[in-house]
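Each remark here refers to the structure printed beneath this line.
The values are calculated or read from the model by the stated rules, or taken from the named source; none is laboratory data. A quick note: this is a predicted structure, and the numbers were derived from the prediction, not measured. Reconstructed Cβ throughout: ideal geometry from the backbone, glycine too, with neighbour counts over all protein chains shown. The area values use the complete protein model at the heavy-atom level, side chains included, leaving out ligands, DNA and RNA. Shrake-Rupley method; radii C 1.70, N 1.55, O 1.52, S 1.80 Å.
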Amino acid sequence: DGSVDFLNQRWCDYTGVSVPDASGEGWLSTIHPEDRPRLLDYWSSLLTDHKPGEFEARLRRSDGAFRWFLIRTVPLLDESGRVVKWYGQNTDIEDRKRAESLLAGEKRLLEMVALGHELPIVLHALCTLVDETSVGCHCSILLVEPASGTVRHAAAPSLPPDFSRAIDGRSTSLPYWGPCAMAIDQQAPVIVPD
């Protein structure tokens, strides 16, 4: 009937969910809420058609983080073609999904440049792409006013507006107000671990 009656220890360790809690339809609690309805619809169609299938969905890790997985299911049939059981396999595809997202974003950016979109729109799209493809990252781009040696935010979609306003008009020379000013003034990368 498609309900879960066994999960290996690796799956339980990864999700932090015990076999009793995941049995029946309890395993659905580990699927991202946005992916759950589509996965359930697809799973219902496989149960009806008795065919193998695969689906991409985000699975919750024991620490609460979601990662993309390829979920494959295969029916075990008896001699008369009836389904006896279903077997499933989950494969982590997070790195592949990130690479695909980055490639699609790069393509979008190149198209924007080729079509002559205005610089602020392209820079906003660039920061958005970095924010979406880099976990825990907040991208911002500063432009330097050569005559005054001051900076202004060109794009910072994930940063609070107050943060951008506080930096706009600041000098890039000593004393530095942060690593961005230091990098601009020294014309070199500045890496800050914290």
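The criterion of being under 30 Å from Gly53 (Cα atoms) and either surrounded by 12 or more Cβ atoms within 10 Å (Cβ to Cβ) or in contact with a His (Cβ under 8 Å, 6 or more places away or on another chain) (or both) holds for Arg98. Taking residues in segment 30-58 that are at positive phi, and partners anywhere that are of a type outside the set (Lys, Arg) and surrounded by 12 or more Cβ atoms within 10 Å (Cβ to Cβ), the pairs with Cβ atoms closer than 8 Å and at least 6 places apart or on different chains are His50/Pro75; His50/Leu77; His50/Val83. Here segment 101-127 is the region considered, the condition is being open to solvent by less than 40 Å² (accessible area, probe 1.4 Å) and touching a residue at least 24 places away in the same chain (Cβ under 8 Å), and the residue that is farthest from the chain's Cα centre (by Cα) is Leu123.
Under the condition of being in contact (Cβ under 8 Å) with a residue 24 or more places away in the chain, closer than 18 Å to Glu132 by Cα and of a type outside the set (A, V, I, L, M), the residues counted in segment 70-95 number 1. Tell me, yes or no, whether segment 130-138 has at least one residue that is open to solvent by 40 Å² or more (accessible area, probe 1.4 Å), assigned to a loop (DSSP other than H, G, I, E, B) and at pLDDT 90 or above. No: zero hits.
For segment 167-178, the set of residues classified as under 34 Å from the mean Cα position of the chain (by Cα) and either closer than 16 Å to Glu145 by Cβ or at pLDDT 90 or above (or both) consists of Ile167, Asp168, Gly169, Arg170, Thr172, Trp177, listed by residue number.
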